[in-house]
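K.L.:
Following this message is one structure expressed as structure tokens.
Read the figures in this text as sums done on the coordinates, not as results from a lab. Just so it is clear, the structure is predicted and the values come from calculations on it, not from any experiment. Neighbour counts are summed over all protein chains in view; Cβ atoms, including those assigned to glycine, are modelled from backbone coordinates with ideal geometry.
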Amino acid sequence: MSTKVVDGGRYHQQSLAVIVLKQVAPLAARLGFQLSWPPAVALDAAVPARVYESLWIADCPDCGTACLVWRDAPYLMCLRCWNGAVGGLWRPVVFPEAWEAIESILNLRPLPMTRHWLPGETVAQLIDENREHGCAVPEGVI
């Protein structure tokens with residue numbers, strides 16, 4: 001488990017491009033799918049990012065699979081359904097504007113499995129949760 005909230009790049013210590021080219025594209029090819037990189041994107045099929053147990057993920061809207069996502073390459077390719085509902089195109093991932101504040105507040109929680117954030121939750125709500133559970137609150141966040 002991570003001691004900080006991390007995205008795919010920090011978790012794997014590799015860019016999404018490297019992961020795709022070395023691992024995902026060959027897997028897709030063996031299964032009969034062809035992946036493009038840079039990604040061909042279904043612009044009208046964006047999905048929101050969320051934090052689950054210290055990891056930035058996004059849920060596939062078609063099959064529900066949770067996928068690790070990269071902030072510097074915000075695209076989702078579901079490894080279960082291969083984004084079949086959008087013709088195999090990558091889905092854009094939308095990160096919250098306040099992602100740094102969200103991470104800093106969640107990182108003050110001592111247990112990684114308590115670090116969650118859902119789209120629509122505010123920074124103020126996270127701070128209130130930290131207070132309610134006796135966790136530290138960062139200075140100057142709001």
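K.L.:
Give, as ranges by residue number, the residues of region 94-112 whose backbone N falls under 11 Å from the point 7 Å along Cα→Cβ of Ala136.
P.N.:
105, 107-110
K.L.:
So, one more: Leu55's amide H: which non-local residues (gap 5+, or another chain) put their own amide H closer than 5 Å, with H modeled 1.01 Å from N in plane and none for Pro or chain starts?
P.N.:
Under 5 Å from the amide H of Leu55: Val6.
K.L.:
Pick out, in residue order, every one of the GluC sites (Glu not before Pro) in region 87-142 that is DSSP loop and has at most 10 other C-beta atoms within 10 Å; say none if there are none. Intermediate values should be presented prior to the final figure.
P.N.:
Values: sites: Glu97, Glu100, Glu103, Glu121, Glu129, Glu132, Glu139; in loops: Glu97, Glu121, Glu139.
For GluC sites (Glu not before Pro) across region 87-142 that sit outside H, G, I, E and B with at most 10 neighbouring Cβ atoms in 10 Å, the list reads Glu97, Glu139.
K.L.:
Let me ask another. How long are the semi-axes of the equivalent ellipsoid of region 35-142, taking √(5λ) for every eigenvalue λ of the Cα gyration tensor, in whole Å from largest down? Before the final figure, lay out each step's value.
P.N.:
Numbers: eigenvalues 187, 33, 22 Å².
Over the Cα atoms of region 35-142, the ellipsoid semi-axes are 31, 13, 10 Å.
K.L.:
At a Förster distance of 22 Å, what's the computed FRET efficiency of Cys63 paired with Leu21, Cβ-Cβ distance as r, to 0.05? Don't jump to the answer; show the numbers that get you there.
P.N.:
Numbers: r = 24 Å, r/R0 = 1.09.
The calculated FRET efficiency here is 0.35.
K.L.:
Under 8 Å for C-alpha pairs, at least 6 residues apart: give me the relative contact order for region 45-142, rounded to a whole percent.
P.N.:
Numbers: 148 pairs, mean separation 27.4, N = 98.
Value for region 45-142: 28 percent.
K.L.:
With angles folded into 0 to 90 degrees, how steeply does helix 123-132 sit against the dominant principal axis of the chain? Use alpha carbons for both and round to 10.
P.N.:
It is inclined by approximately 50 degrees.
K.L.:
Enumerate the calculated ³J(HN,Hα) couplings along region 102-111 in order (Karplus 6.51 cos²θ - 1.76 cosθ + 1.60, θ = phi - 60°), each rounded to whole Hz, writing x wherever the residue is Gly or Pro.
P.N.:
Per-residue couplings from phi come out as 4, 4, 5, 6, 5, 5, 7, 7, x, 9 Hz.
K.L.:
Collect residues whose amide H, placed 1.01 Å from N in the peptide plane, falls under 5 Å from the amide H of Val93; neighbours closer than 5 in sequence don't count.
P.N.:
Close amide H contacts, sequence-distant or interchain: Val47, Tyr75, Leu76.
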